[in-house]
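Scroll down for the structure; my scribbles are underneath it.
Just so it is clear, none of the values below were taken in a lab; they were calculated from the coordinates. These numbers come from a predicted model, not from an experiment. All Cβ positions, glycine included, derive from the backbone under ideal geometry; neighbour counts span all protein chains shown.
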Amino acid sequence: MFRALVLEDQTLMRLALMNEVQASFEKCVVLGAETLNIATVELQNDHFDLVVIDPGLPGFDPTSQDDRIAVVDRIIEASPGAIHVVVTGSDNPCEADGFRRIGAAAYVGKTGLAPGVFSNVLDDISSKGFSLRLSRAVMTKPDYRFSALTPREQEAVDMMARRAPGVKRTAIFSLMADRLAIAPGSAEKYYKQARAKLMRQGHRLPRGL
């Protein structure tokens, strides 16, 4: 079974990254660590195939390049057989190159980090040897959350609301089917259920829905 470790000190971001990693693999277990000490213990006790690293951790100066490199270097040294993905909110190309030189396989900026990104990053690593995805502000519409929806219905709403101009709904159903390992017809069903629920409750539908 594929094993992954997410090293991120901010709890909500750590849980979000763990969910994204989990969604990228059919059979996997994902652990989360808030500190370098916790991560080091886990790496000593077990094998991991993927390690996601935020280089700005407690006990280190997040503005110090030496400290950031030290964090990533220690994780790579403790898990030489893993794929190492650096995820940071203060990304730049020079730092990405530095991490690549010490063994990181990917460098990802947090701004603009979208669902499904880890599958794409791993594809990049497989085909190119390294994945570089710098932060970019791409949002043109607000995010929506509706308490009445199930997780899959919410996913259908999210993907449909984010679709680019000209992209047909059937294409979104296919993307959702691939992401959730379900049939396109099931994806369409979740979308229609979600839309009907929102209309019954008098919610104004997000644009594009």
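Using R₀ = 30 Å, calculate the FRET efficiency as 1/(1 + (r/R₀)^6) where r is the Cβ-Cβ separation of ILE69 and VAL29; round to 0.05. Don't jump to the answer; show the numbers that get you there.
Values: r = 29 Å, r/R0 = 0.96.
After rounding, the FRET efficiency stands at 0.55.
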Quick check for you: which residues of the stretch 115-149 have the amide N under 17 Å from the point 7 Å beyond the Cα of ALA181 toward its beta carbon? 116-120
Pairwise Lys count, the stretch 81-209 - Cα closer than 30 Å, eight or more residues apart or different chains: 11
Hey, what number do you get for the chain at 222 nm if only DSSP H runs of n ≥ 4 count, each worth -39500 (n - 2.57), divided across all residues, to the nearest 500? -14500 deg cm²/dmol
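How do LYS110, LYS27 line up, fewest other C-beta atoms within 10 Å first? Write down the numbers at each step before the final one.
Working: LYS110 17, LYS27 6.
Going from least to most buried by this count: LYS27, LYS110.
What's the exposure ranking of VAL6, VAL72, VAL29, going from fewest to most Cβ atoms within 10 Å? Don't skip to the end; give the middle numbers.
On the way: VAL6 27, VAL72 24, VAL29 14.
Least crowded to most crowded, the residues run VAL29, VAL72, VAL6.
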